[in-house]
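Asks: Can you keep this structure in mind? I'll have questions shortly.
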Amino acid sequence: MKTLIALSVLSFVCVSGTSVPGTERLDAATAFVPAGSTAITGELTHECNAKTIGFWGNPNGLALIEDGDFLDVLPSLHLVDEVGAPFVTHDIDEFEDWLHDANAVNMAYMLSAQLVAMEFNVLSGKVDVRCQVADTRHGVLSVDRLIEQAINSLINDPYTPAGDPNRHRQELLKNLLDDGNNNLIWV
């Protein structure tokens, strides 16, 4: 089944196919869209059924986190808290509090919350890393590339309050992850 969706800002594509050079993107990676398709048209070929940060903070999500030992991956994500301090824990209650308290006073904190939700979606098999997110201004990114860019952004600037020059980029990455976690436009 092919679906065409006209979008003004964002679209998500869960596809595999051929590379499309020459589009402006968040990074220098080549956009990846299906053969015979555009960035906003595609056939669903991968699991793209994400859960939100709310799910990962509720009893069902927390049970999956514990059963899968997902907290073991936290160091590799370079998550931060409200003051930009590294956040790593093996305590599920501490993780739950951190996730529920996430806010955008420090955009890196909110980016961290959306990033961990997407990583847990991948670890649980709800989202395939080949699923793709497309921003009409920047092109197409696979979920694994989006995760990589979010991690690099947190490494480079763990504290992005209002006025920080890196805040806008982190907000863009946060929004892409949030829209993916909310299954807004998986095609």
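Asks: Based on this model, can you work out whether Asn156 counts as under 16 Å from Ala50 (Cα atoms) and of a type in the set (S, T, N, Q)?
Replies: The answer is no for Asn156.
Asks: Same structure again: Are any residues in segment 148-161 among the aliphatic types (A, V, I, L, M) and crowded, with 22+ Cβ neighbours inside 10 Å, and if so, which ones?
Replies: Selection gives Ala150, Leu154.
Asks: So Leu141 fits all but one of (1) buried (at least 22 other Cβ atoms within 10 Å of the Cβ); (2) part of a helix (DSSP H, G or I); what number is the exception?
Replies: (2)
Asks: Among the residues of segment 45-54, how many are surrounded by fewer than 18 Cβ atoms within 10 Å (Cβ to Cβ) and part of a helix (DSSP H, G or I)?
Replies: Total meeting the criteria: 1.
Asks: List the residue pairs whose Cβ atoms are under 8 Å apart, where the first residue sits in segment 78-102 and is at pLDDT 95 or above and hydroxyl-bearing (Ser, Thr, Tyr), the second is crowded, with 20+ Cβ neighbours inside 10 Å and assigned to a loop (DSSP other than H, G, I, E, B), and the two are 6 or more positions apart or on different chains.
Replies: Nothing qualifies.
Asks: Looking at Ala113, Ala108, which is the one that is under 17 Å from the mean Cα position of the chain (by Cα), over 16 Å from Thr52 (Cα atoms) and of a type in the set (Gly, Ala, Ser)?
Replies: Ala108
Asks: Scan segment 62-113 for residues that are in a loop (DSSP other than H, G, I, E, B) and of a type in the set (Asp, Glu) and report the count.
Replies: Counting residues in segment 62-113 that are in a loop (DSSP other than H, G, I, E, B) and of a type in the set (Asp, Glu) gives 4.
Asks: Would you check which residues across segment 66-105 are loosely packed, with under 14 Cβ neighbours inside 10 Å, closer than 16 Å to Thr52 by Cα and not acidic (Asp, Glu) and list them?
Replies: His100, Asn103
Asks: Let me ask something else. Please verify whether Ala108 is surrounded by 22 or more Cβ atoms within 10 Å (Cβ to Cβ) and closer than 14 Å to Asp157 by Cα, treating the condition exactly as stated.
Replies: Considered against the rule, which asks whether it is surrounded by 22 or more Cβ atoms within 10 Å (Cβ to Cβ) and closer than 14 Å to Asp157 by Cα, Ala108 comes out as yes.
Asks: Tally the residues that are out of contact with any helix residue (DSSP H, G or I) (no Cβ under 7 Å at 6 or more places or on another chain) and either part of a helix (DSSP H, G or I) or of a type in the set (A, V, I, L, M, F, W, C) (or both), restricting the search to segment 122-138.
Replies: 1
The values are calculated or read from the model by the stated rules, or taken from the named source; none is laboratory data. Every value quoted in this text rests on a predicted model; they were computed, and no experiment measured them. We place every Cβ from the backbone using ideal geometry, glycine too, and count neighbours over all the protein chains shown.
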